[in-house]
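Coordinate-derived values only; no laboratory data. From a predicted model like this one, the values you see are computed outputs, not experimental measurements. Note that each Cβ is placed from the backbone with ideal geometry, even for glycine, and that neighbours are counted across all protein chains shown.
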Amino acid sequence: MQEDKIDSNESEGAFNDFIDDKLNDIVEDVLNDGDLDVLGDRGSDIIIEIDDIVPPTFTYGGEGEGQGGGNKGPGSDEGKLRFNVSFNRFMDLIAEKLSLPNLIKEGKGKIKEISYEFKTFGPTGVILDKKRTFKRALRTSIGTGRYAPSKNKFDVDFMRRDRRFKVPERVENPKYRAVVFYMGDISYSTHGKRLETEKRMVNFIKNWLDYNYGPNNVDHRFFVHDVKAYEVLESEFYQVGNIGGTRASIVFDLIYQIAFGEYDISSTNFYAFYFGDGEVFGSDSKDIIKILEESICPVFNRVGIVEIYPSQWSKLIFDLGNNFLNDSIVRLAKYTIKTDTIPVIKKLFAPVTQKA
Amino acid sequence: MRPVKTDPVLHELEKRVIYHANEMGRILPEIRFFILDRLEFASLLEKRVYPTSPVNIWEGKRMVTKKFKIESGQESSIYYEVVQTGNPSYAYLNNTNSAMMQASVMAHVVGHCEFSELNVLKDSNQDRTEYVMHLVRRVNIGQHQMGEKNYLEFWNACESALNLIAPHSQFNLNHSIKDDSYRYQEEETPIEEEKPKDLYRPFSHTMDTILSPLSVEEEWQKEQKKKDQQEQMSRKGYRLFRPCQDILGFLRHYAPTSSAEKSILDYMYVSHSTHDFVIRTQIMNEGWAMYWEKKIMLKLFEEKAVKGIIDYAKVFSGVCSPRPFFSRNPYHLGFALWNHIEKLFKEGKVNLDYLEETDKTKKDQWKKETGQDPLECMRHLVGSITDYEFLRRFLTEELVYEFHLNRIHKRQAEMIGINKDAIIKEENQWIWIDPAPVKQEMLSFFSHFHRPRIYLIDTDFLDSGLLLYHRDDKRALRKDWIKPTLKNVNFIWKGPVSLISNDQLFSYGSNIFSEKKIEAVPFEKVMERMAKSKKPFHE
């Protein structure tokens, strides 16, 4: 018999491929339904649950109707298979499915993010590698004859030179910094499913930017407006006020002030996303266009303006359309039904194109 | 994986174990011991105790789960003994066990190997492990020929037929199918009754016709039947004349498969068919192994080849702890029964005189030299009976009580709903039930092994389709699995497949599944019709 090592690596690999296919199906479903809640908390692993697979056989059992598969990994019983999928792996799949490009990162990419990993072993250090040390000591003891079972000698000497320590290795990754401004309309007309949709969109954008820049390199900041504009915590972003009329331009002005006042323009990537019902009054649209063209567009990587469930009085996108219809920085989108989630996301993050 | 020779201590122990086994007159094949680490051990078990296996998602799934459990401490990786019998036999030792445990495993393996050599079902065969490794290579070649998708589809279809293997059933291939290749290893030669010899008389066509009792109609039917059988044989190459329970065996031989598909069926069948031997002989087999393990270990302790007799005693009593009859512990029951049988032979109690003795005092004090070697008699039992007969002949009501087979933990009794009238004794944590029905209950296991009994009864049903029959045992099949299972069998057979279960006929063919009500057909009727070369079932 010539087998040196007994293992099931190939079969485990085949099972992993099978789970990968299932995962792809799940991502497909998630995207088709526009249900991005599966993403969970920021940067955390995604827990995927699928029906357990069991080959169907003639066996005793109840009369209940269930799912018995065909030839491809068929059968399912009451059990479930649960897997942890890393956040990055899941986002890779989403990016692949949505054909989303990696965001163009600007700024001081030469600055490195430094971490340490224990990959090598040396004769000096702090963390002793017991297994390696013992192996070396044993080899030395055999060489010196201290350990010789045939002569009934079983001593193992631990000499200084046999010690091996885990040595951290410096790992450098380019570091880019980004800040994202989320702007929301909290007037009383923005309530119910509008808020739910906003929450879902914001969640995806957060995850997408974290995935691209690394979770520690992105500032997520939340701003709301009714007749005034101010910064809030994320939890307060989804609370509705009770004031009727709104002015959106003031929140654009505010984020511009903050971007210039608090960040280094040359090394930071700026993103801004506005969500609202699109019901603006008076010269609000004109003011927004002015701020966008003169102040925001020259320094921001991307600005997204989304009308959530627009009404007959919504006119923000209409007003902005003349100036930013095919703009490479400012993206305009309308969200009217749940299945719009993915088209809207695609529109917001589609690659930069030349102005028409 | 490394041979035991690489470990001087274990190699020495191996030599001592084999020496004592030979001294005790054991009949052994060549035994090769290997040392494995814990993950190798887990993987070996998933490969049905063969060192290699073809790629399949099921093994992958089980192994991923097992690895996770071992690594997260939910499952112990210590396995008592793992051996693939045959000649040579391959036995595997877990490198995490102590020397004493390794010695006990080796001694235990000796018992299994001898049992495999001697048993009535002729389990042992030449180069079994090597043959399976050869089949694995053939499957791997076949996988390239079939392509990944077709390979997985066919493999998964075969998984559905794995519990349709019954090489030792009275309805196995040799007892159910005739073909031109004659495989009669297990066929019992019927004892022919002696017929009075016909007297010679002068030839006369007229006289013969007058004296012959056969009518023209009967004569015609007889000829027609013979012709049908011959035609069927020449058309298909086989003829089903009795229900066949070894359905995967049938598919392996007669399904229209490519050579790659055939290699998968061969691997599946050969690597899984030993399970049938195990369930039919588990009590005798494990008992035999424990019996010889103890004897050899005592010798090793005596000569101080190993230390730790107290630890061994603890492990031994743990392995041989009693459990109730419905979850019987084969190690305990087998070991206790073999010891009891040895005593019976020593005291000359296995004979007609003892059985026919009516005086209880005489019976109690019975001790007669018979001149027979008890061990030789026990060896004869190994070579002539299986668990069913073992229990039927030797398990008595007294022994049921003595072996605690009728003792159930109160919590468990509550869960399974034991009738209060059946309780004969109550202790702190235990209840004792009437031992009388226990034996019958244990024997009934051997008629169905807690599995539905499915037979192939027609190979020409609905346009060359297979007709399967579920022998009614008052329990329904899991209904939502009937369709996918039939679909999978259909995938292997490449023709329609139907199943009769009680008063329903399920069919799968041309991607269409149908289900209809029929009049239930008793198994005896099926047998009778098949014996008369008639169709067992008409729609």
Which lysines, on any chain, are close to B:K425 with Cα under 28 Å apart, when same-chain ones fewer than 8 places away are left out? B:K360, B:K363, B:K410, B:K439
By how many nm would the segment from B:T396 to B:K532 grow when fully extended, if each residue of separation counts as 0.36 nm and the alpha-carbon distance is taken off? 44.8 nm
Quick check: pseudo-label points 7 Å beyond the Cα along Cα→Cβ at B:Y354 and B:H144, how many nm apart are they? 6.3 nm
Taking the Cα atoms only, what angle lies between the long axis of helix B:274-302 and the longest principal axis of chain B, rounded to 10 degrees? 20 degrees
Mean per-residue count of partner chain Cβ within 10 Å for B:61-70 equals 4
Cβ density ranking, 10 Å radius, fewest first, applied to B:F537, A:F158 yields A:F158, B:F537
Counting other beta carbons within 10 Å of each Cβ, put B:T281, A:T140 in order, fewest first. A:T140, B:T281
Ellipticity estimate at 222 nm from DSSP helix runs (n ≥ 4, -39,500 (n - 2.57)) divided over the protein assembly as shown, nearest 500: -13500 deg cm²/dmol
With a 10 Å Cβ neighbour count serving as the proxy for reagent exposure, in which order, fewest first, do B:K343, B:K122 appear? B:K343, B:K122
Shielding by partners for B:48-58, please: the mean number of other protein chain Cβ atoms within 10 Å of each residue's Cβ. 5
Give the value in nm², to one decimal: projected area of the alpha carbon convex hull of the range B:489-539, averaged over all directions. 4.0 nm²
Taking beta carbons within 10 Å but only from partner chains, what does the mean come to for residues B:158-169? 2
By average Cβ neighbour count within 10 Å, what is the ranking of B:311-321, B:356-366 from highest down? B:311-321, B:356-366
Tell me which of B:S72, B:Y269, B:I457 sits at the most positive position along the dipole axis of chain B, charges placed on C-beta atoms (Lys, Arg +1; Asp, Glu -1). B:S72
For the range B:439-533, what is one quarter of the convex hull surface built on the Cα atoms, given in nm²? 7.0 nm²
With x for Gly and Pro, the residue-by-residue ³J(HN,Hα) of the range B:157-167, computed from phi through the Karplus equation 6.51 cos²θ - 1.76 cosθ + 1.60 at θ = phi - 60° and given in whole Hz, is 5, 5, 4, 5, 9, 5, 8, 9, 9, 8, x
Run the dipole for chain B about the Cα centre, Lys and Arg Cβ at +1, Asp and Glu Cβ at -1, nothing else charged, and hand back the magnitude in debye, nearest 20. 1160 debye
Step through the residues of the range B:308-322 one at a time and calculate ³J(HN,Hα) from phi using the Karplus curve (6.51 cos²θ - 1.76 cosθ + 1.60, θ = phi - 60°), rounding each to whole Hz and writing x for Gly and Pro. x, 5, 5, 4, 4, 4, 5, 4, 4, 5, x, 5, 9, 7, x
Which whole-Hz couplings ³J(HN,Hα) result when phi for each residue of the range A:16-31 is put into the Karplus expression 6.51 cos²θ - 1.76 cosθ + 1.60, θ = phi - 60°, listed in order with x for Gly and Pro? 4, 4, 4, 5, 4, 4, 4, 4, 4, 4, 5, 4, 4, 4, 4, 6
How many percent of Cα pairs in the range B:389-494 exceed 23 Å? 52 percent
For each pair in A:K228/A:K315; B:K15/B:K66; B:K47/B:K67; B:K304/B:K343, compute the distance between the two Cα atoms and list the pairs where it is over 25 Å. B:K15/B:K66; B:K304/B:K343
Are there any GluC sites (Glu not before Pro) in the range B:1-41 that are in a DSSP loop and have at most 12 other Cβ atoms within 10 Å? List them by number. B:E30
